[in-house]
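Reading through the structure tokens given below for one structure.
The values are calculated or read from the model by the stated rules, or taken from the named source; none is laboratory data. Just so it is clear, the model here is predicted, and its values are computed rather than measured. Note that we place each Cβ from the backbone using ideal geometry, even for glycine, and neighbour counts take in every protein chain shown.
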Amino acid sequence: METRRNFIYKAALSAAALTTMPSFLRASAGKSCLKKFGFISGIVGKELKADWQGTLRKASEYGFSEIEIGRYLGNSPAEFLSFCSSVGILPVAGGVAITENQKDLPALLQPLLDLKLTYAVVYWPWLTGGPFSLDDCKKSADLLNKMGETCRKSGLHLCWHNHNKEFIPMEEGLPFDYLMQYTDPALVSCEMDIYWVRKGGADPLTMMKRYPGRIKILHVKDMAPGDDMDFACPGDGIINFATLFKEAQNQGIEYYFVERDNVQDGLECLRTSGAFLRNLNF
């Protein structure tokens with residue numbers, strides 16, 4: 001008969017094994033998975049230029065059902081949207097540049113409206129190259145709030161995208177925290193890039209828990225092992241996406257877009273990433 005002491009001992013061993021197990025194996029024990037996921041068009045920029053219809057068809061075959069793209073492909077928005085619909089891919093978000101002249105914004109938003117997108121994303125929400133000062137943050141937060149109001153009137157919701165420099169300390173705290181705290185939640189949200197948070201020395205899970213409801217989109221980008229902290233296709237690196245996705249699902253985050261900078265073979269990255277995400281339980 002198994003004693004209580006032996007039972008506790010075996011339970012402790014099991015817990016220790018689970019803790020040290022690679023993240024992709026730990027994830028397999030979960031019961032949830034992503035119901036849908038997308039990709040940012042830049043990951044297959046060369047392929048889209050050469051054969052946009054064939055590339056979108058391949059992406060659909062790999063399990064992708066959404067795309068982040070700022071301009072139509074083909075001869076017209078109608079043609080592009082019709083083809084996307086035929087292969088089961090929905091355009092959701094696209095980029096817009098930060099601007100100090102709000103009169104310029106309607107023209108900048110028009111390509112996104114032509115695609116009937118939900119989100120406009122400011123990929124670089126700054127007027128300088130960084131590192132950022134408190135004054136830089138005040139200017140950016142003010143501009144984002146103004147842009148967010150114009151977006152709302154146009155039927156879009158504004159997001160800003162982080163890189164690693166938002167995690168370089170300034171006079172008072174972090175630029176990331178400032179933009180989160182001083183932008184209006186009704187007008188401005190965050191598209192959080194998981195890789196760049198980690199590259200900046202912060203913990204993506206901590207950032208998500210600190211700002212529930214403020215993150216609408218996740219950029220799913222992995223980090224390669226090693227001191228170089230290079231880019232990797234999701235599933236090929238060290239980031240534990242299962243833990244992040246579990247929290248994201250609890251918060252109601254709907255959109256997950258695969259991205260990988262400096263990729264050599266974008267379609268291959270989509271193929272392996274799609275397989276990884278389809279089989280990732282959490």
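Give K103, K116 a once-over and let me know the one that is within 21 Å of the chain's Cα centre (by Cα) and more than 13 Å from S41 (Cβ to Cβ). Break it down into steps so the answer makes sense when it comes.
Numbers: K103 fails: within 21 Å of the chain's Cα centre (by Cα).
Result of the check over K103, K116: K116.
Can you find, within region 82-107, the residue that is surrounded by the fewest Cβ atoms within 10 Å (Cβ to Cβ) among those that are among the aliphatic types (A, V, I, L, M) and in contact with a helix residue (DSSP H, G or I) (Cβ under 9 Å, 6 or more places away or on another chain)? Top of the filtered list is A97. When residues in region 262-282 are screened for being in a loop (DSSP other than H, G, I, E, B) and either hydroxyl-bearing (S, T, Y) or under 17 Å from K49 (Cα atoms) (or both), 4 of them pass. Residues in region 151-169 that are surrounded by fewer than 18 Cβ atoms within 10 Å (Cβ to Cβ) and either modelled with pLDDT under 95 or farther than 21 Å from M208 by Cα (or both): R152, K153, S154, G155. Here the condition is being of a type outside the set (D, E, K, R) and out of contact with any Phe, Trp or Tyr (no Cβ under 8 Å at 6 or more places or on another chain); of G173, G235, it holds for G173 alone.
Tell me, please, whether a residue that is without any contact (Cβ under 8 Å) to a residue 24 or more places away in the chain and more than 30 Å from D230 (Cβ to Cβ) can be found in region 144-167. Checking region 144-167: at least one residue is without any contact (Cβ under 8 Å) to a residue 24 or more places away in the chain and more than 30 Å from D230 (Cβ to Cβ). Please verify whether Y178 is in a helix (DSSP H, G or I), crowded, with 22+ Cβ neighbours inside 10 Å and in contact (Cβ under 8 Å) with a residue 12 or more places away in the chain, treating the condition exactly as stated. Considered against the rule, which asks whether it is in a helix (DSSP H, G or I), crowded, with 22+ Cβ neighbours inside 10 Å and in contact (Cβ under 8 Å) with a residue 12 or more places away in the chain, Y178 comes out as no. At least 2 residues being out of contact with any Asp or Glu (no Cβ under 8 Å at 6 or more places or on another chain) and modelled with pLDDT of 95 or more is the threshold, and among the helices (runs of 4 or more DSSP H) wholly inside region 1-98 those reaching it are 45-61, 77-87.
Residue selection: S189 satisfies the criterion of being of a type in the set (G, A, S), outside any helix (DSSP H, G or I) and buried (at least 22 other Cβ atoms within 10 Å of the Cβ). Within the span defined as region 93-112, every residue fails to be of a type in the set (D, E, K, R) and touching a strand residue (DSSP E or B) at 6+ places or on another chain (Cβ under 9 Å).
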